[in-house]
């Protein structure tokens, strides 16, 4: 580091070199903030929002790759009990990596069930 300052002093641009060094450090700090720290904070906020939206019946993938369905959520201990084909396991909520979207066949099945229930309610009210 001293040789750098000696080299700049020998060329006669002592004050200009120091200003350039400070500008370079400011640029490097800004690059680190906008390139690494800020995106990581956004990703962490999205993950926490996902954790808050967990509910019973959600299909999830855990950090170890286990695919399961949430059976219950304990807010006090921040744990979830998952059902993996009849085997109930307790994990920390942070172990949930991803919430899977319901497949289109499951959504259609739920829609037809809701439609059938609504039709049966209408029929019973018409009969009365």
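The values are calculated or read from the model by the stated rules, or taken from the named source; none is laboratory data. Note that this is a predicted model, so its numbers are computed, not measured. When we count neighbours, we look across all protein chains shown, and the Cβ atoms used for this are built from the backbone with ideal geometry, even at glycine.
Only a single criterion out of (1) touching a strand residue (DSSP E or B) at 6+ places or on another chain (Cβ under 7 Å); (2) closer than 23 Å to residue 44 by Cα; (3) at pLDDT below 90 is not satisfied by residue 84, namely (2). For the range 87-105, taking the residues that are surrounded by fewer than 11 Cβ atoms within 10 Å (Cβ to Cβ) and farther than 12 Å from residue 61 by Cα, the one that is modelled with the highest pLDDT is identified as 87.
In the range 80-106, the residues that are over 12 Å from residue 67 (Cα atoms) reach residues that are loosely packed, with under 13 Cβ neighbours inside 10 Å and modelled with pLDDT under 90 with C-beta atoms within less than 7 angstrom, at least six apart or across chains, in these pairs: 92/78; 93/78.
Taking the range 56-77 as the range and being in contact with a strand residue (DSSP E or B) (Cβ under 7 Å, 6 or more places away or on another chain), surrounded by fewer than 14 Cβ atoms within 10 Å (Cβ to Cβ) and assigned to a loop (DSSP other than H, G, I, E, B) as the test, the residues that pass are 56, 57, 63. Before we move on, is residue 108 in a helix (DSSP H, G or I), out of contact with any strand residue (DSSP E or B) (no Cβ under 6 Å at 6 or more places or on another chain) and at pLDDT below 90? Yes, satisfied. For residue 80, the criteria (1) farther than 18 Å from residue 102 by Cα; (2) part of a helix (DSSP H, G or I) hold in every case but one, which is (2).
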